[in-house]
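Below is one structure, written out as structure tokens, with a few remarks after it.
Coordinate-derived values only; no laboratory data. The structure presented is a predicted model; accordingly, all values stated were derived computationally and were not measured. Ideal geometry is used to build each Cβ from the backbone, glycine not excepted, and the neighbour counts take in all protein chains shown.
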Amino acid sequence: MDAAALTFTAVFCALLVLGLLARTWLASRQIRHVARHRDQVPAPFDATIPLEAHRKAADYTIAKARFGLLTTAFEAAVLVGWTLLGGLDALNQALFGLLGPGLWQQLALIGAFALIGGLIGLPFSWYATFRLEERFGFNKMTPGLGVADGLKGTLVGLLIGTPVVALVLWLMGSAGSTWWLWAWGVWMGFNLLALVLYPTLIAPLFNKFEPLADEQLKARVNALMARCGFSAQGLFVMDGSKRSAHANAYFTGFGAAKRVVFFDTLLQQLNADEIDAVLAHELGHYRRRHILKRIALLFALSLLGFAALGWAASQAWFYSGLGVTPAMDAPNDALALILFLLVAPLFTFFLSPLMAQVSRKHEFEADAFAMEKTRGADLASALLKLYQDNASTLTPDPLYARFYYSHPPASERLSRLQAT
């Protein structure tokens, strides 16, 4: 191994260890902070949140954080197994010997990597759903439904992902040194197409979407959207309760394909005024152009990512520094894609607080828009119910929240609503 490869190995190991230590430290802070405040409802909420609900939220948060520590350590071990311990290299060599060089071998490598990774992570996914969520009363999914979801997800991934991956691999081998620019264009086109097709073709494979039947609520929602200058293809209720007790509402689709979706659990938990306020918050994301800003950010970051991949894929040290022996007389494009997907999170992990800060800013702006169109008291009441029903802790560790939270902590969000 040459000096460049050794240097890259050292950088990889350093980022892996630093990231693991940072995640562990932050999770430990969160566990200690929430546990310290478990038996006392914060003053702004002591009149509305029962102590037992507060304790449940604390226990749920601590359980998820502890499980997250285990998951983080396991994922780090799997990453080392794929790279420095030779797992990916062995898989590549086995498929190379079986299929020979060419596009089919590269597609098989990506497919086998995805399948093995999914199987490795399956016990953790199963535990999170059927043990952790079950313990706190949130899981509504049966094992049979879980298997059906997995099979349908795999089939959809094969049907949609295989042509896209094959096109990217073909571009990597045929489009010259600027292949990454063409591949970026394909990737962005696919994402935009998915925004249009997902609501009508893919989502209904997993959930039932029925038109909103409550005529009074439908009239209120349509009036709110008219006040906000928004139009949608339709108002739908999703049977989210067959998988989880968590509640939500969201907009999906893009352009003329936009639609409003309510979880059935949300309609059960909130009154009409509160639903108006939650919907106005979601409308605020559109009216303040947060969706377009996020898409633009996705375009920019993915362009940087493809440019970095285009450069790294041509460097021998990129492969050997991660425990892989590249082929001398055959394409290594699939190897480059997999390795880049494995190591990119290490290089971007410490940007998480910046992304979370932008997201929290957008949430405050959407709250402000909702207060322009509805009553702030209704939004505050809805948020309190959702925090309680979803067992979201009211006392997160401040540093942990700054690093990870895409939504402002309850105390910050509600105090700003009350002040306004």
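Quick test of the membrane-span-like rule: which DSSP H helices of the chain reach at least 30 Å along their long axis (C-alpha atoms) with mean Kyte hydropathy at least -0.5? Numbers along the way, then the final one.
Numbers: long enough: 3-36 (49 Å, 1.10); 51-82 (46 Å, 0.39); 103-127 (37 Å, 1.33); 143-174 (45 Å, 1.40); 290-312 (32 Å, 1.57); 352-373 (32 Å, -0.53).
Span-like helices, by this rule, are 3-36, 51-82, 103-127, 143-174, 290-312.
Sort 268-281, 28-41 by the packing proxy (mean of other Cβ within 10 Å over each peptide's residues), most packed first. If you can, show how the numbers build up before the last one.
Details: 268-281: 20.6, 28-41: 17.1.
By packing density, highest mean first, the sequence is 268-281, 28-41.
Need one number for region 81-156: average projected area of the convex hull over its C-alpha atoms, nm². Numbers along the way, then the final one.
Numbers: hull surface 26.5 nm².
One quarter of the hull surface, i.e. the mean projection, equals 6.6 nm².
I need the per residue convex hull volume for region 323-405, using only the alpha carbons, in cubic angstrom as a whole number. If you can, show how the numbers build up before the last one.
Working: hull volume 13.3 nm³, N = 83.
That works out to 160 Å³ per residue.
Mind checking which of 319, 156, 396 is farthest towards the positive end of the chain's charge dipole, using Cβ charges of +1 (Lys, Arg) and -1 (Asp, Glu) about the Cα centre?
Of the candidates, 396 comes out farthest on the positive side.
Return the FRET efficiency for the residue pair residue 298, residue 142: r is the Cβ-Cβ distance, R0 is 25 Å, and the value is rounded to the nearest 0.05.
Numbers: r = 35 Å, r/R0 = 1.40.
With a Förster radius of 25 Å, E is 0.10.
Put +1 on the Cβ of every Lys and Arg and -1 on every Asp and Glu Cβ in region 234-309; which of 281, 270, 306 then has its Cα farthest towards the positive end of the dipole?
Farthest along the dipole direction, towards plus: 306.
Could you check how many percent of all C-alpha pairs in region 267-420 are farther apart than 29 Å? Walk me through the numbers on the way to the answer.
Working: 4675 of 11781 pairs.
For region 267-420, the fraction of Cα-Cα distances above 29 Å is 40 percent.
Taking only Cα atoms of the chain, what ratio of Rg to Rh do you get with Rh as the Kirkwood inverse-distance radius?
Values: Rg = 23.7 Å, Rh = 24.1 Å.
The Rg/Rh ratio comes out at 0.98.
Principal axis extents for region 284-348, Cα atoms only, whole Å, descending order, please.
The Cα atoms of region 284-348 stretch 53, 21, 14 Å along their principal axes.
Residue 361: which lysines have alpha carbons under 21 Å from its alpha carbon, excluding same-chain residues fewer than 8 sequence positions away?
Result set, ordered by chain and number: 293, 373.
Remind me, what semi-axes does region 170-300 give for its equivalent ellipsoid, largest first in whole Å, using sqrt of 5 times each Cα gyration tensor eigenvalue? Write down the numbers at each step before the final one.
Values: eigenvalues 233, 60, 29 Å².
They are 34, 17, 12 Å, listed largest first.
For region 1-154, evaluate the Debye formula with one uniform point scatterer on each Cα (no solvent term) and list log10 I(q)/I(0) at q = 0.09, 0.17 Å⁻¹, rounded to two decimals.
Debye curve over Cα of region 1-154, log10 I(q)/I(0) at q = 0.09, 0.17 Å⁻¹: -0.50, -1.13.
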